[in-house]
Amino acid sequence: MKYRELRRCSHLKVSEISLGCEGFMEKSREEFLEMFGRALELGVNFIDMYTPNPDFRENMGAAIAGRRNEVVLQGHLGSVWENGQYLRTRDVQKTQSAFEDQLKRLGTDYLDIGMIHYVDGADDFEKVFHGAFIEYCKKLKAEGRIRCLGMSSHNPVIARKAVETGLIDVLMFSVNAAYDMQPPTEDIEELFNPENYKNGGSIDPERRALYELCEREGVAIDVMKAFGGGDMLKEELSPFGAAFNEYQCIDYCLTRPGVAAVMAGCRSIEELEKLMRYYEVSREEKDYSTVLSRIEKFQLKGNCMYCGHCAPCPVGISVADVNKYLNLVLAQGEVPETVADHYKALAHHASECIACGSCERNCPFAVGVVEKMKKAAEVFGY
């Protein structure tokens, strides 16, 4: 397992492959403990707990008893349990009651991340960020009852507004190669509508801008919907008309700027162990560019997808990383200090490019890499 830092969260490190809670929902206490224990053995240390289901919370409390310091818990604010079912709310009193219930059932006195439960619409954003709800969230953080504040969303415009407030440390966002082609929407169902993919498209600029903003500001993205609810894994359901495997989906997400972890909804130990083979399979088996590059109606030519297919560079330049930092600078219109530091830390820099063209011959998206290296050398000064 590899780990990434949540830069705004006291340098917490989380497993790149982490857990959503869906796969635990219908499990007995014994099944829950066995599967969660196996996840810890495999190096997983991060779990999202969007559900307010009391049985889930009590099972999770039993699973982390005596091991609280080994796990990073992400619980949701505004997700409550009423009349035996889940409900999203912005009522502060209900949110507070649900939060206290969560801590009690988990057997802890804090959450590592308090995640504002999904905000997709402009009206909801105003209600959350300009009223009593956000004040309650800020109070919890000030008291140390949540160590970091997050928000989940499926809408890049709303997510970007939230990040720009400076209040958000972690963003839970729906990321996969299909969703990245779609324009912003307040209706999550539109992301699943196959009609929206018939005419093809390219990377949505709002999504690209969001990822670059998060990378620049140190806001960690933890990914939901990496497999598109399973649609990405089946040729007949994939909006591309071609299936990805699980490793390609994970690799796509982990190569987006700002991403720290992928929340996977495993329903069995077998599924969990299969995903963990991501670190063992060949580069070819997780190379998502082999799927994207053969889908002609999607206009990806000229866009760096950070897939690393350009490697190996004869002088050792990490072309994908240089392109990522260059794009961050071009989006910002200046060289932020954090981006400059990341670029400086690279073993080799754009100015070392010998313009041999091997990267361009390898690139499945026809990116003008040599010109980009020249631009990066100009922007960063070396």
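The values are calculated or read from the model by the stated rules, or taken from the named source; none is laboratory data. Computed from a prediction, not measured in an experiment: that's the story for all the values here. Cβ placement follows ideal geometry from the backbone for every residue including glycine, while neighbour counts extend to all protein chains displayed.
Quick look at the numbers
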| quantity | calculated |
| --- | --- |
| For THR89: the one exception among (1) farther than 19 Å from ARG147 by Cα; (2) touching a residue at least 12 places away in the same chain (Cβ under 8 Å) | (2) |
| Sole exception among (1) part of a loop (DSSP other than H, G, I, E, B); (2) at pLDDT 95 or above; (3) not aliphatic (A, V, I, L, M) for ASP222, by number | (1) |
| Per-region count, region 316-348, residues under 14 Å from GLU217 (Cα atoms), touching a Phe, Trp or Tyr at 6+ places or on another chain (Cβ under 7 Å) and charged (D, E, K, R) | 0 |
| Some residue of region 109-118 being of a type in the set (A, V, I, L, M, F, W, C) and in contact (Cβ under 8 Å) with a residue 60 or more places away in the chain | yes |
| Hits in region 228-245 - residues which are buried (at least 20 other Cβ atoms within 10 Å of the Cβ), farther than 11 Å from TYR288 by Cβ and touching a helix residue (DSSP H, G or I) at 6+ places or on another chain (Cβ under 6 Å) | SER238, PRO239 |
| Restricting region 290-322 to residues that are in contact with a strand residue (DSSP E or B) (Cβ under 9 Å, 6 or more places away or on another chain) and modelled with pLDDT under 75, the residue that is surrounded by the most Cβ atoms within 10 Å (Cβ to Cβ) | PHE298 |
| Set LEU140, LEU87: member being buried (at least 17 other Cβ atoms within 10 Å of the Cβ) and aliphatic (A, V, I, L, M) | LEU140 |
| Residue that is farthest from ARG68 (Cα to Cα), among those in region 104-126 that are modelled with pLDDT of 95 or more and surrounded by fewer than 17 Cβ atoms within 10 Å (Cβ to Cβ) | GLU126 |
| Any hit, region 168-181, residues being of a type in the set (Asp, Glu), at negative phi, at pLDDT below 95 and touching a helix residue (DSSP H, G or I) at 6+ places or on another chain (Cβ under 8 Å) | yes |
| MET181 under 20 Å from ILE250 (Cα atoms), in the same structural domain as GLY218 (by TED's automatic domain parsing) and among the aliphatic types (A, V, I, L, M) | yes |
| Count - residues of region 14-60 that are touching a residue at least 12 places away in the same chain (Cβ under 8 Å) and either farther than 26 Å from ASN83 by Cα or among the aliphatic types (A, V, I, L, M) (or both) | 23 |
| Scope region 13-36; condition surrounded by fewer than 21 Cβ atoms within 10 Å (Cβ to Cβ) and small (Gly, Ala, Ser); matching residues | GLY23, SER28 |
